[in-house]
1. Step by step: first the residues of the range B:290-308, then only those that are in contact with a strand residue (DSSP E or B) (Cβ under 7 Å, 6 or more places away or on another chain) and part of a loop (DSSP other than H, G, I, E, B), then the one that is nearest to the other protein chains (Cβ to nearest Cβ). Which residue is that?
2. Six or more apart or on different chains, Cβ atoms under 8 Å: show the pairs whose first residue is in the range A:122-144 and in the same structural domain as residue A:451 (by TED's automatic domain parsing) and whose second is part of a helix (DSSP H, G or I) and near ligand 1 (Cβ under 10 Å from one of its atoms).
3. Can you give me the ranges of the helices (runs of 4 or more DSSP H) entirely in the range B:201-280 with at least 1 residues that are more than 9 Å from every other protein chain (Cβ to nearest Cβ) and touching a strand residue (DSSP E or B) at 6+ places or on another chain (Cβ under 7 Å)?
4. Look through B:317, B:326, B:343 and report the one residue that is part of a loop (DSSP other than H, G, I, E, B) and either crowded, with 20+ Cβ neighbours inside 10 Å or facing chain A (nearest Cβ under 7 Å) (or both).
5. Pull out all pairs, ordered by first then second residue, where Cβ-Cβ is under 6 Å, the residues are six or more apart or on different chains, the first lies in the range A:178-207 and is not assigned by TED's automatic domain parsing to the domain that holds residue A:398, and the second is part of a loop (DSSP other than H, G, I, E, B) and within 16 Å of ligand 3 (Cβ to nearest atom).
6. Taking the range B:66-109 as the region of interest, how many residues are surrounded by fewer than 12 Cβ atoms within 10 Å (Cβ to Cβ) and touching a residue at least 40 places away in the same chain (Cβ under 8 Å)?
7. Quickly run through the range A:302-333 and pick out the residues that are under 19 Å from residue A:414 (Cα atoms) and over 23 Å from the mean Cα position of the chain (by Cα).
8. Please identify the pairs in which a residue from the range B:364-393 that is closer than 18 Å to residue B:250 by Cα has its Cβ atom under 6 Å from the Cβ atom of a residue that is in a loop (DSSP other than H, G, I, E, B), counting only partners at least 6 apart or on another chain.
Ligand SMILES: [Zn+2]
Ligand SMILES: [Zn+2]
Ligand SMILES: [Zn+2]
Ligand SMILES: [Zn+2]
């Protein structure tokens with residue numbers, strides 16, 4: 001459109017100014033998981049408030065309670081909320097991001113100081129720094145888009161509400177309560193939501209993400225004798241808890257990745273034609289995953305099956321055993337009680353409760369068959385529901401068109417295999433469509449050393465957000 | 001006999017003197033596994049040399065090399081060797097014991113200072129202290145018997161050679177080389193051997209021990225991707241090493257304790273009539289093992305089956321997994337390589353090599369069946385052969401009669417389910433019968449807090465050794 005071409009021009013001409021904004025943000029080491037950085041996290045919230053206020057947003061910090069950090073009770077990082085525009089004839093878009101980051105130390109293997117944004121001296125355009133892609137780059141992308149509107153005198157096409165939290169890397173404590181309590185206040189009138197806190201599947205293809213797997217985490221607890229025993233003295237005389245546990249764990253999943261718990265497969269929502277097409281359209285080669293895992297141990301060489309395995313089918317992973325010998329070397333102990341840990345990734349129709357019912361019944365039935373005198377208990381230690389949203393919603397259509405305009409290609413439609421619990425909270429409490437619209441590439445290395453965001457992704461991401469807002473206004477709801 | 005009744009009288013009349021000898025020995029904290037006690041270990045060797053010399057034994061310390069202790073290269077504790085008597089018309093008996101002890105700290109839960117021998121103030125006759133039963137009490141039992149002969153003017157009925165090591169609790173480093181190098185020198189002419197470093201099966205019945213199980217310790221190593229992966233991103237797409245490992249481990253042993261590796265059971269030496277009778281004669285109730293394990297999770301309630309399970313049949317224990325998540329809590333990692341640890345207790349005809357051949361073939365065959373793209377390797381990380389000796393040898397007949405005389409009952413004939421590697425070294429290098437003749441009871445708590453030796457076991461043990469030597473002289477070889 002006329003509006004966005006002016007905006008895009010301004011963005012291109014002001015690249016160094018926008019990169020400077022990101023440099024300022026990366027320069028504040030807002031690590032939420034370490035009390036040593038508590039003032040920096042506060043400073044980062046203030047930085048956002050200043051920037052937002054300058055851009056015409058009514059912004060404020062709001063407390064969300066207290067928590068224990070490194071043994072001390074301290075305030076949780078505040079949420080930063082803001083809104084701009086209040087036109088009843090416009091759609092109201094809610095955006096979410098987080099201003100806290102993962103820890104980073106130069107000694108861990110960073111090429112440059114992690115809290116100094118460094119443009120790759122080799123000219124690749126990579127912007128290195130902790131938080132560059134997760135999630136300061138995307139958050140500032142929104143601010144950049146606002147500035148471009150302001151500086152070019154372009155009217156914002158939507159009412160914009162925003163919430164940026166400072167505790168995402170550390171469990172988002174307090175956020176669910178805040179959303180619940182502000183549901184009919186700050187969040188009133190929100191039409192749809194956009195979150196930019198995930199990544200492209202590869203390094204070349206933009207994507208829109210419309211689903212997340214959930215997770216049920218279980219422990220099978222077997223106990224027998226009341227003390228650890230020496231296998232010399234007692235091996236061959238007793239029911240060993242490890243034997244029972246390993247036997248049960250071996251019956252959960254086949255080496256081909258098939259979940260062996262009866263009833264689980266039957267629950268999975270059938271694949272629709274639209275879904276099938278979206279999976280078949282994803283730009284993905286087996287080399288991508290082989291590179292990512294450092295080996296060729298994929299269950300199949302079929303790309304669609306591989307993608308569905310990661311994104312839309314449940315999976316069961318055996319994580320380990322607590323209470324047994326796990327160090328280097330040899331120890332001949334018979335542990336008296338052991339806990340086997342496994343998790344099941346959940347997908348639509350496979351929820352926390354119906355899955356757990358099947359798991360508990362099956363494990364107990366199989367344990368009975370062992371004829372052991374030990375005791376067995378199966379416990380769900382953590383549950384998170386799967387999430388899926390309508391990828392043909394007007395918000396996705398707007399993002400799709402924005403991607404075509406800015407990147408010159410249609411986006412892949414992906415789902416994340418992992419969970420982003422806060423997405424589920426927003427979806428459940430606000431009941432709106434959420435479009436996950438990533439800015440960074442699959443190799444950005446969020447949470448790793450040498451985290452980076454490509455200059456082109458940062459700049460095009462800014463344009464993408466602007467374009468998306470304009471398309472959103474134009475789409476029929 | 002006339003001779004031993006004089007000796008027994010002297011022993012009874014000099015109880016407090018003999019207990020005082022044990023108090024002096026326990027008072028020297030000869031912990032071999034900690035550099036802080038290195039001088040005390042030396043002091044303990046000197047104490048033995050002094051005592052032995054006073055009793056007419058030609059005793060000396062001999063170096064056995066160096067080792068790394070707490071990061072420093074230091075001398076290994078010396079062996080103390082001695083001999084008394086050189087009559088070609090007498091049998092030559094070799095005895096072994098160890099003068100080093102396990103670590104002990106009052107804070108660990110000791111009722112009294114572990115390095116101060118404490119007579120139970122409640123009058124039970126228990127003598128508490130580290131090393132009281134393992135192995136200072138038995139070692140001093142031999143010295144007491146020598147003193148009784150000397151003080152009563154009784155001629156020793158055998159030539160006696162003795163070797164006491166100071167490194168038993170820490171792997172007996174250097175001892176095998178010493179035995180090998182002194183085979184035709186110090187050890188020349190040895191007719192049989194007696195070791196007192198194990199325990200009665202219960203608290204009431206003396207025993208003679210004629211066998212030890214060996215042990216093969218294995219690791220199954222499965223590797224797949226070259227880095228740990230997140231189960232959200234990759235669960236359902238790859239062959240997970242843990243799935244393969246758990247599957248393989250589940251195929252090693254049944255919940256009924258049956259080893260599932262083909263060929264293993266066929267190798268076990270058949271039970272002879274004599275063996276069967278010896279097992280049936282053992283004083284043992286299921287309550288004994290239920291008390292010892294703190295539960296009723298025995299594989300059977302048949303006493304003979306239980307004893308054979310512990311002593312003469314192989315067993316397979318699954319010990320744990322290295323490389324997988326093993327802490328408290330939940331972690332959703334897919335470990336890239338894992339090592340499953342298990343051991344097989346070996347019995348006659350089931351040796352290190354033939355067992356390992358079966359294990360490696362079976363695990364590799366089963367791995368092939370999984371159809372996994374991961375890599376599998378089975379490694380024997382440690383092997384120790386089983387040991388058995390003739391329980392009807394004249395040395396055992398002598399010990400049997402001595403037990404009847406001193407304790408008023410025939411001994412049980414037991415085997416140890418665990419290994420005592422040094423027994424095997426002596427048996428292999430010297431080729432003599434070895435009678436394991438324990439002094440202490442099954443509840444003495446060697447290696448535990450509040451280790452004790454009952455006064456009666458210490459005093460009767462002294463008489464037992466004297467009686468044994470006299471019977472040995474009288475038995476037809
Ligand atoms: Zn993030
Ligand atoms: Zn993150
Ligand atoms: Zn010992
Ligand atoms: Zn010991």
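1. Top of the filtered list is B:297.
2. Filtered contacts from the range A:122-144: A:135/A:168.
3. Helices (runs of 4 or more DSSP H) meeting the threshold: B:264-267.
4. B:326
5. Sorted first by the residue in the range A:178-207, then by its partner, the list stays empty.
6. 3
7. A:302
8. B:366/B:251; B:370/A:255; B:372/A:255; B:372/B:239; B:374/A:297; B:374/B:224; B:374/B:239
The values are calculated or read from the model by the stated rules, or taken from the named source; none is laboratory data. This is a predicted model, so every value here is computed, not measured. Every residue, glycine among them, receives a Cβ derived from its backbone with ideal geometry; neighbour counts consider all protein chains shown.
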